[in-house]
Amino acid sequence: MKSRIVLYLLLHDKFPDMLRQFRYAGVTALCVLTTVLCFGQNKTKAGVEQAMKTYDRFILSMNSDSIALIYAPDGELGKMAKGRDSIRSFLNRFKDFRVLSQVSETKKISIDQDSAIQMGSYSQTVIIPSKDTVAVKGSFTALWIWSGTSGWLIRRMETQPVK
């Protein structure tokens with residue numbers, strides 16, 4: 001039965017049209033799915049959590065350009081740096097440090113329209129220039145703002161190391 005349908009379609013020049021229709025439907029479905037997964041859910045707690053995991057990856061690689069770009073243009077890294085250029089310059093002072101691990105754990109996320117507050121804890125293991133390995137941990141509070149084109153961006157990041 002299936003072979004008759006395929007043969008019929010091939011003989012009646014409808015097969016190429018059907019392939020175009022299937023291809024169009026597949027591309028459309030893929031675009032809709034991508035939009036829903038990448039943009040539709042990002043303005044949720046899961047989206048904030050995903051943005052923080054991206055931040056963790058950037059810290060792990062100590063890529064100061066990428067870290068600076070996850071901040072809003074007027075973002076603040078505690079009281080140490082304000083604005084992307086200032087954040088980038090501040091982080092470049094740590095270029096001889098090697099981050100071995102960077103883990104954040106969210107305790108609470110609150111979203112109000114285009115802003116979110118995320119609170120949690122972090123732990124980090126770093127090789128400092130003298131080749132010693134240092135483990136630090138503490139709590140963090142991140143204020144995120146929603147940018148329709150860039151997703152969640154850090155407006156302000158505060159950390160409090162455990163003594």
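The values are calculated or read from the model by the stated rules, or taken from the named source; none is laboratory data. Keep in mind the model is a prediction, meaning the values are calculated, not measured. No Cβ is skipped: glycine too gets one built from the backbone with ideal geometry, and neighbour counts run over all protein chains shown.
Would you check which residues across segment 122-138 are of a type in the set (A, V, I, L, M, F, W, C) and either surrounded by 12 or more Cβ atoms within 10 Å (Cβ to Cβ) or farther than 24 Å from LYS53 by Cβ (or both) and list them?
Keep residues of segment 122-138 that are of a type in the set (A, V, I, L, M, F, W, C), which gives 126-128, 134-136.
Matches in segment 122-138: VAL126, ILE127, ILE128, VAL134, VAL136.
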Out of curiosity, is SER86 under 11 Å from the mean Cα position of the chain (by Cα), in the same structural domain as VAL136 (by TED's automatic domain parsing) and either surrounded by 13 or more Cβ atoms within 10 Å (Cβ to Cβ) or modelled with pLDDT of 95 or more (or both)?
-> no
Any pair with Cβ under 7 angstrom, 6 or more apart, that starts in segment 59-77 at a residue that is closer than 15 Å to ARG98 by Cβ and in the same structural domain as LEU143 (by TED's automatic domain parsing) and ends at one that is acidic (Asp, Glu) and not in a helix (DSSP H, G or I) | none
Looking only at residues in segment 139-163 that are within 19 Å of LYS107 (Cα to Cα) and without any contact (Cβ under 8 Å) to a residue 60 or more places away in the chain, which one is surrounded by the most Cβ atoms within 10 Å (Cβ to Cβ)?
-> PHE140
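Can you confirm whether TYR24 is loosely packed, with under 11 Cβ neighbours inside 10 Å and either modelled with pLDDT of 95 or more or not in a strand (DSSP E or B) (or both)? First the steps, then the outcome.
Numbers: loosely packed, with under 11 Cβ neighbours inside 10 Å: yes; either modelled with pLDDT of 95 or more or not in a strand (DSSP E or B) (or both): yes.
The answer is yes for TYR24.
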When segment 39-53 is checked residue by residue, the ones that are more than 9 Å from the chain's Cα centre (by Cα) and of a type in the set (Gly, Ala, Ser) are GLY40, ALA46
Candidate set: segment 54-72, residues that are within 16 Å of ILE145 (Cα to Cα) and not in a strand (DSSP E or B); chosen: the one nearest to the chain's Cα centre (by Cα) | THR54
